[in-house]
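To start, the structure itself, in structure tokens.
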Amino acid sequence: MKTENKLTKFFIYLGIILLTVGLLSVDLDDFSFEYNKKSYFKIIVAVVFLMISFYRIQNEKHTNQIKN
């Protein structure tokens, strides 16, 4: 991870933590939405945070290439 932006690092760490907690809290006996609403919500939010952070990293790389 070669980013100096603190907000991007925050999104990455929060995404990893939420994804881990969401995956660990899924009920393996029943994958239905009624039993796993919170787990699925955590997983979706984590994926969104990771997508935002990867977009910010790509944007940062692109702007650094333009400056050089």
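Please treat every number below as a calculation from the coordinates, not as lab data. These numbers come from a predicted model, not from an experiment. Methodologically, a virtual Cβ is constructed for each residue, glycine included, from the backbone with ideal geometry; neighbour enumeration extends over all protein chains shown.
Within the range 1-43, the set of residues being in a helix (DSSP H, G or I) and among the β-branched types (Val, Ile, Thr) comprises Thr8, Ile12, Ile16, Ile17, Thr20, Val21, Ile43.
Quick check on the range 54-66. Is at least one of its residues in contact (Cβ under 8 Å) with a residue 12 or more places away in the chain and acidic (Asp, Glu)?
yes
Residues in the range 46-59 that are over 8 Å from the mean Cα position of the chain (by Cα) and either under 13 Å from Ile16 (Cβ atoms) or surrounded by 13 or more Cβ atoms within 10 Å (Cβ to Cβ) (or both): Phe54, Arg56, Ile57.
Would you be able to say whether some residue in the range 34-45 is buried (at least 16 other Cβ atoms within 10 Å of the Cβ), in contact with a Ser or Thr (Cβ under 6 Å, 6 or more places away or on another chain) and among the charged types (D, E, K, R)? For the range 34-45, residues buried (at least 16 other Cβ atoms within 10 Å of the Cβ), in contact with a Ser or Thr (Cβ under 6 Å, 6 or more places away or on another chain) and among the charged types (D, E, K, R): absent.
Within the range 6-33, the residues that satisfy the criterion of being buried (at least 16 other Cβ atoms within 10 Å of the Cβ) and within 10 Å of the chain's Cα centre (by Cα) are Phe11, Ile12, Gly15, Leu18, Leu19.
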